[in-house]
1. Of all residues in segment A:94-142, count the ones that are within 30 Å of A:Leu340 (Cβ to Cβ) and of a type in the set (Gly, Ala, Ser).
2. Go through A:Arg116, A:Arg194, A:Arg141, A:Arg110 for me and flag whichever is more than 24 Å from the chain's Cα centre (by Cα), of a type outside the set (Val, Ile, Thr) and not in a strand (DSSP E or B).
3. Does segment B:34-79 hold any residues that are among the small types (Gly, Ala, Ser) and closer than 30 Å to B:Leu126 by Cβ, and which are they?
4. Which ones in segment A:474-501 are part of a strand (DSSP E or B) and more than 7 Å from every other protein chain (Cβ to nearest Cβ)?
5. In segment B:120-136, how many residues are closer than 18 Å to B:Cys186 by Cβ and within 10 Å of chain A (Cβ to nearest Cβ)?
6. When you scan segment A:459-481, how many residues do you find that are at pLDDT 95 or above and among the small types (Gly, Ala, Ser)?
7. Name, by its number, the condition in (1) crowded, with 22+ Cβ neighbours inside 10 Å; (2) within 14 Å of another protein chain (Cβ to nearest Cβ) that does not hold for A:His148.
8. Report, by residue number, each residue of segment A:241-251 that is surrounded by fewer than 21 Cβ atoms within 10 Å (Cβ to Cβ), more than 13 Å from chain B (Cβ to nearest Cβ) and touching a residue at least 24 places away in the same chain (Cβ under 8 Å).
2 protein chains.
Amino acid sequence: MPHTQQALSGYSYIAGQWQQGSSERFYGFSPVQNEPLSQAYYDISLDLVDAACERAAQTFVIYRQTSTQVRSEFLNAIADEIEALGEQLLEVTHQETNLPMARLQGERGRTINQLRAFADALAQNLAPLHISREDLADPARQPLPKPHTKLKYLPLGPVAVFGASNFPYAFSTLGGDTAAALAAGCPVVMKSHRAHPGTSELMTRAIDKAIQRCDMPAGVFSMLQGVNYDISHRLVAAPQIKAVGFTGSMGVAKALMATIQTRAEPIPFYGELGSINPQVILPEALHSKPELAEQLCASMLMGNGQFCTSPGLWLVPATGCDAFMDKVIESINTAPSDTLLTPGIVRSFAHAIESLTECKATTLVAQGARQRDFHANAHVFSCDAKAFLQTSLLHEEVFGPCALIVHYTDSVQLMAVINALEGQLTASVHGADEQNDEHQALLEALSYKVGRLIFEQMPTGVEVCPSMNHGGPFPSSTDVRSTSVGLEAMRRFMRPLCVQK
Amino acid sequence: MPHTQQALSGYSYIAGQWQQGSSERFYGFSPVQNEPLSQAYYDISLDLVDAACERAAQTFVIYRQTSTQVRSEFLNAIADEIEALGEQLLEVTHQETNLPMARLQGERGRTINQLRAFADALAQNLAPLHISREDLADPARQPLPKPHTKLKYLPLGPVAVFGASNFPYAFSTLGGDTAAALAAGCPVVMKSHRAHPGTSELMTRAIDKAIQRCDMPAGVFSMLQGVNYDISHRLVAAPQIKAVGFTGSMGVAKALMATIQTRAEPIPFYGELGSINPQVILPEALHSKPELAEQLCASMLMGNGQFCTSPGLWLVPATGCDAFMDKVIESINTAPSDTLLTPGIVRSFAHAIESLTECKATTLVAQGARQRDFHANAHVFSCDAKAFLQTSLLHEEVFGPCALIVHYTDSVQLMAVINALEGQLTASVHGADEQNDEHQALLEALSYKVGRLIFEQMPTGVEVCPSMNHGGPFPSSTDVRSTSVGLEAMRRFMRPLCVQK
């Protein structure tokens, strides 16, 4: 039985209370209509940001003492309540993001599975939730007795989470960072992304129901609406906040880091900032994988190029690639155009395409037709390896449907390109033979540039499983030591305690 | 057969070469004579700081590919070569630090054991060196096949290590951070502490021999001598450096962090900054542990109060403590005075004692005689819990032989004191009954203030074992997520990589 669809309020949610916060209004945006939506939302006041953080700190003392069983039930209840939001959630998000319904259904399923995966880990008391190391006492040891020591993990404290525009479920209100923090025992103060405020409100309704159903303390979750940058800065400066999870642009990340650096107490900042996800195509793959060009184009066009793991850089042999290039042209020429998540992203994409078009080092390989003037149409450019090595513009991420093909002449040049790469979330290698010493050296070098090294597969699609790593060397993320996906993500929000007896 | 004692050069060691670096001289200091030593040392030049970092980066590409077996042999060889330094090492360090020979022998043994413990972990390929998580493929899964994923760990890259004055072996040239970094696969650029430059030179000779014996690439280790602050700042700003290990004061740590924050790439800064290591003495302990006062005084006086885990704050019941207080007075009154590690530390100690003496909230409980004017003599002060809660001065660490007794009237007041504590490396609890709900609540609160929670034992002495944690909430350390002691210390210098097939 579907739930009654309740109108949106436009309010923030501060420790169990829906609050307007201020009279400053803002509106969602319909990318497909290219115009603002009618529902008004309200900037939360800075006083209520403080209140949310203070309630989170008070609640931490209670929430950190809940058993893993209780937290497991809570996460499962959140998952249930997301399911119970039904079609209204998908409709509101589709309107706010223009992401296809099938994609949104998939992402919702993944977000629910993620919550349930943490719930299962809690129920089974898996690492790092249990005692991970223990050394027995030896009272007879000389010259001093050896104590009994156990290493366990404690939650860090209240966590600030910033939602991403491109994954309105999986990396937003009740996405990976929120799930990991709640699983670890940390209350969450969530800053909603302005690109999907209605989605955030609905997701917050779901967790509100779960909080009530499980009799959780109200301060365990707050959600802040607003477009005033001061809200975000106030949040990360709050002394109660002990870690920040963020997915977004380098510009916003740098601004938040500057504020975090003014704090008396240093705290971890987990920023996931994007990546061009190099695709290393070895000569062998041009023969053995005739479907590769189409696969790469399809992967790059997923979500109209707005995946953080979108393949933006393809390293292709300069010779023997004619059939590959023909198939790229065919796929891209016929690709339909579509809008992007926000008008700002549309503008940035247009600007990046202009720069690449004007760049003397690049050639336009193919482009799709642009069906509306606020659409982004697919582009593939190419250049040679020397130009890539000399031109910093060509190393930058273009957020949207765009890829750059870099043609290399031999494995020495390919290695030079790999060594010149910045840090990446992922890279894929196509046609590698691990028995081949040259390939082995390329793989070794590439592994130090990425958080995930993929063989023969597309980078889009991040499996939610215990051995996943989503993160990578800077600038793909600000803290290469941790992952935002998978069970290890809990470690972001925990720290060791040795108990000695 | 003892090695021939070779004269000290005063030089730095840059990737296998001993280098004077500049004509700027400085001298070690004999705390016991209260005068400079005759051996001259030379400030390394900033160009050679750059060269050390560049060589470390070049070497990383080779060293990261060494097998765990090869690195195990290397760490064992370093341990052997420290042993082979024989008496000369102990004599030079004793002259530079005034630490007793027995203490230095113990610390040397511990430093050697630490290297061998990492060597054993490497030989056995223990976590986090091996594949820690793996998920099998499911090609038939719907709607998408499930890939095969493995989570492994890679070394971060070249690490800068700053030696501490108070542990010239265990937290200096070849101490915990260096051992952990080399074990993880990271080259080290070491900034020697000016308080023991001769010790650093001898230790560097030991690793130089091990590098040659094991045919390691020369850039795997460099050691920089100098008193010019620019050297340290140049080191942590170098783009080749991927993590910093530091043990020292808050002032220096803040200055280094400010430089690190100007880098294009954020890197981890692992600063261990000290702690007052609260001792919670429950009423029961006053009866059941008549030896407690003497134990606490002895622990506080170890190394003349210059242990990072020195018990500086004793929470003692206001009533029933007469016998305890009498024994404190007896122990402290008869404690011999001694000098501290450096003239700067002597001055800071004198200043802190003056502030505590002038503070209206405190009473001087006992002091030892000061035998020389450059000595630090033991002091114990007391105050009541209300004064402690109101006076920030009383929360600060006094580096040297000093403790503050805070008298509490009941468990409510004790809890208030615990909640007001800043982050600590350790705390001990004496007389706790874990079946007692009140005690349980105190222990729970205390565990969130510390990196190690100790039952019925003194905080001094950090066991080197897999389940140890040495670190704690800020300001005791700058990164509560990691430890500087124990096998988990390797994680400081590693990061995850997911390999997907």
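1. Step one: list which residues in segment A:94-142 are within 30 Å of A:Leu340 (Cβ to Cβ), which gives A:94-115.
From what's left, of a type in the set (Gly, Ala, Ser): A:102, A:106, A:109.
So the count comes out to 3.
2. Working: A:Arg116 fails: more than 24 Å from the chain's Cα centre (by Cα); A:Arg194 fails: more than 24 Å from the chain's Cα centre (by Cα); A:Arg110 fails: more than 24 Å from the chain's Cα centre (by Cα).
Going through A:Arg116, A:Arg194, A:Arg141, A:Arg110 in turn, the sole match is A:Arg141.
3. Across segment B:34-79, the qualifying residues are B:Ala56, B:Ala57, B:Ser67, B:Ser72, B:Ala77, B:Ala79.
4. Filtering segment A:474-501 for residues part of a strand (DSSP E or B) gives A:477, A:494-500.
Of everything in segment A:474-501, those that are part of a strand (DSSP E or B) and more than 7 Å from every other protein chain (Cβ to nearest Cβ) turn out to be A:Ser477, A:Met494.
5. Filtering segment B:120-136 down to residues closer than 18 Å to B:Cys186 by Cβ leaves B:121-122, B:125-130.
Remaining after also requiring within 10 Å of chain A (Cβ to nearest Cβ): B:127.
Count: 1.
6. Qualifying residue count for the region: 4.
7. (1)
8. First pass over segment A:241-251, keeping only residues surrounded by fewer than 21 Cβ atoms within 10 Å (Cβ to Cβ): A:248-251.
After this cut, where a residue has to be more than 13 Å from chain B (Cβ to nearest Cβ) as well, the list is A:248-249, A:251.
If the condition is that a residue be surrounded by fewer than 21 Cβ atoms within 10 Å (Cβ to Cβ), more than 13 Å from chain B (Cβ to nearest Cβ) and touching a residue at least 24 places away in the same chain (Cβ under 8 Å), then A:Gly248, A:Ser249 are the ones that fit.
The values are calculated or read from the model by the stated rules, or taken from the named source; none is laboratory data. Only a predicted model underlies this, so the values are computations on that prediction, with no experimental measurement involved. Don't worry about glycine lacking a Cβ; one is built from the backbone with ideal geometry, like all the others, and counts go over all protein chains shown.
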